[in-house]
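The values are calculated or read from the model by the stated rules, or taken from the named source; none is laboratory data. Being a predicted model, the structure only gives us computed values, none of them experimental. When the accessible area is computed, the model is the full protein with side chains, heavy atoms only, and any ligands, DNA or RNA have been set aside. Shrake-Rupley method; radii C 1.70, N 1.55, O 1.52, S 1.80 Å.
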Amino acid sequence: MATRRVPHHRLCEPSLKTISTFLACSDSRWWFIVLNLPMLIVCPVAGLGAAEAGEAAEPLPTEWYGSGFLTRNTPIGSTLRFGDDEIPHTSFSGATGGGLKVGVFPRFFKSILGGEIEAVGHGGSFTAPQTASGGTIRSAQLDTTLFNFRANLIARYPGDLIQPYIGGGLGLSFVNVDGQVQSAAGNRTSSEVLIGAGVQVILGVRLIVTNHVFGFAEYRYGVVFVEGDDGCSGKDEDCAPKPTIGLEHLTHDIAVGIGFRF
């Protein structure tokens, strides 16, 4: 991240000039060097300290950015329900997807704390083999398309070349499911959108390529909780709710992308 350079006063310049003049004219240079050795050491260090103090006093600029990225989704575990009945041995195929995000690191947080919003999507499928228990057959074969819209809070180390960061996010999740599901609630071929919440934890690192371009890689731990509509929203009290599909989905994600700072 670029920082603003500010001029600083070189308080030791008169002393250094006197030393150089004397050395050029004196035949007894050795003892003068010994006597002034502390000054030769202290002045450069003091000058460096003044420069760093001047830079620290100058507020860092606000940084806006936008980026695009690819993700690879690896499931940890999934729980699929139809009605109030859980379907055992549900697995997710894993998927490759992508997303976009925009964010800002405000100057009043010294470019350390910032926020971003993102949209991420990927496909995949949920499957559960046919099992029988207590006279009930349970199974599932659902093709899915998932979209997450999240707001993330990010804390980073604002290095000039490498910027590690950590964050977390919360938002809405939409999962379109298309296929067949069977449980104690019945057997249904379904095509609907499940809506709910999604949360995630982010660990990442940025590589600053130019003043405006950067690359990044992230590890994400995400959880999605979504459920279908029971068909009674906005209807009278006599409406008989239909069994709904509910899904809890835990994943490891890896994201890599490129962004532009301005």
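How much of residue 118 can a 1.4 Å solvent probe reach, expressed as accessible area in Å² and rounded to 10?
Approximately 10 Å² of residue 118 is accessible to the 1.4 Å probe.
Please compute, over every Cα-Cα pair in segment 141-262, the percentage with a separation greater than 24 angstrom.
Considering segment 141-262, 46 percent of its Cα-Cα pairs are separated by more than 24 Å.
How would 136, 189, 74 rank on accessible area, largest to smallest, probe 1.4 Å?
Descending accessible area places them as 189, 74, 136.
Using a 1.4 angstrom probe, figure out how much accessible area segment 87-245 has per residue, in square angstrom, rounded to the nearest whole.
It amounts to 49 Å² per residue over segment 87-245.
Rounded to the nearest 10 Å², what accessible area does residue 133 have for a 1.4 Å probe in the complete protein model?
Here the accessible area works out near 70 Å².
Taking 0.36 nm per residue of separation and subtracting the Cα-Cα distance, what length does fully extending residue 250 through residue 225 add?
8.1 nm
Quote the accessible area belonging to residue 221 in square angstrom, nearest 10, computed with a 1.4 Å probe and with ligands, DNA and RNA left uncounted.
80 Å²
Compute the Kirkwood hydrodynamic radius of segment 83-183, taking the inverse of the mean of 1/r over all pairs of distinct Cα atoms, and give it in Å to one decimal.
16.7 Å is the Kirkwood radius here.
Go through 156, 188 and list them by solvent-accessible area, largest first, probe radius 1.4 Å.
188, 156
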